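Encoded as structure tokens, the structure appears first; notes follow it.
The values are calculated or read from the model by the stated rules, or taken from the named source; none is laboratory data. Everything numeric here is computed off the predicted structure, so don't read it as measured data. Glycine gets a Cβ as well: all are built from the backbone with ideal geometry, and neighbour counts include every protein chain shown.
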Amino acid sequence: MLRPFVHLPLRIMPQPTETTCGPTCLHALYRYWGARPELGDIIGRTRALEHGGTFAVFLACDALTHGFAATIYTYNLTVFDPTWFTRRMDVAERLTAQLAEKDDPRLPHATEGYLEFLRLGGRLRFIDLSPPLVRGLLRRGLPILTGLSSTFLYRTVREYGLLDVPDDIRGTPSGHFVVLAGYDRPGRKLLVADPYGPHPYGSSRDYWIRMDRVFNAILLGIVTHDANLLVIWPKEGTKGTAGHEHPDRRR
């Protein structure tokens with residue numbers, strides 16, 4: 001029988017700066033699994049982009065190099081062509097070939113990250129974002145770090161310039177990282193652990209919000225290369241943690 005309600009015991013700290021939401025979410029996942037790294041250490045070793053922030057794949061590479069396994073569920077069509085997965089192509093080869101043909105300034109960083117991710121043994125999945133997928137992961141005790149559009153999630157003004165000044169005319173959408181830590185099946189809601197504050201959903205860093213709002217925000221994360229889900233779990237023998245089965249083994 002499917003469980004109508006899941007609330008994982010995950011605790012998230014406030015992000016120290018405007019651009020450290022990703023490492024703060026990763027820190028929460030490490031602590032959930034029993035590891036105890038310092039947040040400052042994770043921030044210090046996480047690759048940052050020139051304009052601030054990071055990509056989920058860089059967080060995944062950190063996990064892979066510290067005794068964890070990782071799967072990324074991607075919805076980023078600016079980086080991945082759907083046929084690479086349906087035709088079982090060599091994704092690393094296609095990423096390299098694509099880089100030679102496109103001039104998107106963010107693509108080299110994303111490509112480098114994904115090539116390292118694959119080299120380290122990370123798994124890429126390209127499957128529909130759906131309630132069964134998300135509930136299935138959470139039901140098996142796997143919190144989900146997700147990149148999404150904070151502009152859509154919060155319904156706030158777009159931001160302009162290096163200082164991210166709210167500007168509805170000149171502004172552009174912003175990306176963000178949060179962790180999905182539970183679901184309410186009858187209410188069709190998800191529990192979001194959010195390192196940012198203040199946000200529109202109250203003073204707590206944990207809040208329940210409609211599943212469709214979260215799904216739309218994830219898919220619209222494609223604008224900032226944030227349309228993805230990242231799941232990590234400790235391999236057997238990882239110091240301070242217990243092993244866990246691969247999330248794809250059961251549905």
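On inspection, Val6 fails the criterion of being at pLDDT 95 or above, at negative phi, in a helix (DSSP H, G or I) and among the hydrophobic types (A, V, I, L, M, F, W, C). Is it the case that some residue within the stretch 215-233 is in a loop (DSSP other than H, G, I, E, B), modelled with pLDDT under 95 and farther than 20 Å from Leu59 by Cβ? For the stretch 215-233, residues in a loop (DSSP other than H, G, I, E, B), modelled with pLDDT under 95 and farther than 20 Å from Leu59 by Cβ: absent. Which residue is modelled with the lowest pLDDT, if the candidates are limited to the stretch 16-26 and must be more than 15 Å from the chain's Cα centre (by Cα) and not hydroxyl-bearing (Ser, Thr, Tyr)? So the residue we want is Glu18.
Can you give me the ranges of the strands (runs of 3 or more DSSP E) entirely in the stretch 119-211 with at least 1 residues that are acidic (Asp, Glu) and within 26 Å of Pro4 (Cα to Cα)? Walk me through it before giving the result.
On the way: elements: 123-125, 144-149, 175-184, 189-193, 206-210.
Output list reads 175-184, 206-210.
Pairs linking a residue in the stretch 101-119 that is among the polar types (S, T, N, Q) to a residue that is part of a helix (DSSP H, G or I), with Cβ atoms under 6 Å and 6 or more positions apart or on different chains, are Thr111/Leu95; Thr111/Leu99.
Please return the ranges of helices (runs of 4 or more DSSP H) entirely within the stretch 25-100 where 2 or more residues are among the hydrophobic types (A, V, I, L, M, F, W, C) and farther than 13 Å from Val231 by Cα.
Details: elements: 39-45, 56-64, 83-86, 91-99.
In the stretch 25-100, the matching helices (runs of 4 or more DSSP H) lie at 39-45, 83-86, 91-99.
Among the residues of the stretch 14-24, those that are part of a loop (DSSP other than H, G, I, E, B) and more than 27 Å from Gly187 (Cβ to Cβ) comprise Gln15, Pro16, Thr17, Glu18, Thr19, Thr20. Can you tell me which residue within the stretch 1-16, out of those that are touching a residue at least 12 places away in the same chain (Cβ under 8 Å) and aliphatic (A, V, I, L, M), is surrounded by the fewest Cβ atoms within 10 Å (Cβ to Cβ)? The extreme case among them is Leu2.
The residue list Gly171, Gly161 contains one member that is crowded, with 17+ Cβ neighbours inside 10 Å, of a type in the set (Gly, Ala, Ser) and more than 18 Å from the chain's Cα centre (by Cα), which is Gly171.
Condition check ((1) surrounded by fewer than 20 Cβ atoms within 10 Å (Cβ to Cβ); (2) closer than 15 Å to Leu107 by Cα; (3) in contact with a Gly (Cβ under 7 Å, 6 or more places away or on another chain)) across all residues:
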residue: Pro37; (1), (2), (3): yes, no, no
residue: Asp41; (1), (2), (3): yes, no, no
residue: Leu49; (1), (2), (3): yes, yes, no
residue: Gly52; (1), (2), (3): yes, no, no
residue: Ala56; (1), (2), (3): no, yes, yes
residue: Ala63; (1), (2), (3): no, no, no
residue: Ala70; (1), (2), (3): no, no, yes
residue: Tyr73; (1), (2), (3): no, no, no
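Annotation note: Cβ proximity below 7 Å between a residue of the stretch 38-66 that is modelled with pLDDT of 95 or more and a residue that is among the basic types (Lys, Arg) and assigned to a helix (DSSP H, G or I) (sequence gap 6+ or interchain) occurs for Asp62/Arg45.
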